[in-house]
Structure formats: structure tokens, C-alpha cells
Amino acid sequence: EAVWRQTRRAAGFYDSAPHIIALPAYEWTLVGKHKPPSAGHRNIVFAHDEDAAKFLVNGKSVYGIHNDEGNKMDKVWNALRKLDIKDVVTIPHHPADADHPMYWDYHDDEYQSVVEIFQCRESAEYEGCPRQTKNLTYHKGCFVQDALARGYRMGFTASGDHNNMGIGLAAVYVKEASREGILEALK
């Protein structure tokens, strides 16, 4: 809770709309080559600090893999609904990476409206694509094209992540330069 509070406070400190917009966010990660379905890596981004503040299990820790209530993404999505948090996205992050394979059986149209198709670790569009990720998963069906083949409708983002850059960067076209505007664009 203390680390999450510090993260939220940092987002609040740096948020200076419309010039700089910082959002409370964290990475939900279930890593490893042999992890069960619902594994993967997602950036969970909130529009409102009030929503982010209540996203704690028993007021102690953020919903995540270290607690039974958040150790699978379907549980995280259920918690978001139970807490009536709507202005949030859960963005799959380098889905074809060997340590973070994305299992597309776990999908939620409301919260997983965008996917990272490319970043500094290279492309996750389809197997054999140009600039394909080098640390490729051996699991089948983890690429973005695999999700689209299932009929999932998602927007795309490409970002710098934090490797060799110090920060993660992505851009979205918004109607309004605000936290709410960014979440609206991602949804």
C-alpha cells in the first residue's frame, strides 16, 4: 500500500494538464515460460486517483499475483467491476515475449481495449513479422494477430517501455488533454 501510495502521489505531483499528464498505473505481471493461463504482462492505467486508491485488497496491497484476489486477470477484472472502476485500461504488454506469454483465452472487451503491438523490445504483431521480438515464446497463439483472429477488437499502442530510455513513452490522439481524455482515447 505504501509503494502504491507513493506511485499515486508521484503521478499527482507530475500531473500538470494540459501540458504534462501523469496517470496512476502499475504493471501486473505473471511471468515465466511455464506459467498457467491468464499469465502475461499488463499495464493497468487509471484515470482517477480515487479509483486507484481503492484498488487494494483489504486496504493492504494492490490486486496482483501475490494475493488470491488478483493472481489471475479475470479476478482483476472482476475486482474492477466490484469496485465500480470504469476509467481504467489493462494493456497487454509485449505479448509474445518468452517470459510474458499472453494467453488470449483471458480477454475483457471493457478493460482490455488496447494492446501493445510494438515497443523497444520489437514487434509482437504476428509470428515471423519484421523486427519480431527476439525473446520469443514457444507458446502458440500469443501474438496480436492471434487475438484479432478470435474477433477481439482492440486499438494498438507502440511504446519505448523503459529499457535504455529511463521512462515509457506512447502517444494517443485525444479530444481533451486530461487523464479522462487519455483513457477515452485508449478505450
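The values are calculated or read from the model by the stated rules, or taken from the named source; none is laboratory data. Computed from a prediction, not measured in an experiment: that's the story for all the values here. Neighbour counts are summed over all protein chains in view; Cβ atoms, including those assigned to glycine, are modelled from backbone coordinates with ideal geometry. Heavy atoms of the whole protein, side chains included, go into the accessibility calculation; ligands, DNA and RNA do not. Shrake-Rupley method; radii C 1.70, N 1.55, O 1.52, S 1.80 Å.
Could you give the Stokes-Einstein D for the chain in µm² per second, using the C-alpha Kirkwood radius, 4 °C, 1.567 mPa s? List each step's numbers first, then the result.
On the way: Rh = 16.8 Å.
Result for D is 77 µm²/s.
Count the lysine pairs in the chain whose Cα atoms lie under 14 Å apart, taking only pairs 8 or more positions apart in sequence or on different chains.
Numbers: Lys33/Lys140; Lys35/Lys72; Lys35/Lys140; Lys54/Lys82; Lys54/Lys86; Lys86/Lys187; Lys175/Lys187.
Pairs that pass both the separation and distance tests number 7.
Treating only the Cα positions of region 1-79 as identical point scatterers, give the base-10 log of I(q)/I(0) from the Debye formula at each q in 0.15 Å⁻¹.
With one equal scatterer per Cα and no solvent, log10 I(q)/I(0) is -0.56.
Roll a 1.4 angstrom probe over the protein heavy atoms and tell me the percent of accessible area of the chain that is carbon or sulfur. Present the calculation step by step, with values, prior to reporting the outcome.
Values: 5130 of 9870 Å².
Exposed carbon and sulfur together represent 52 percent of the surface.
Compute the FRET efficiency between Asn135 and Asp105 as 1/(1 + (r/R0)^6), taking r as their Cβ-Cβ distance and R0 = 25 Å, and round to the nearest 0.05.
0.65
Tell me the Rg and the Dmax, in Å, that the Cα atoms of region 49-139 produce.
Final numbers for Rg and Dmax: 15.1, 45 Å.
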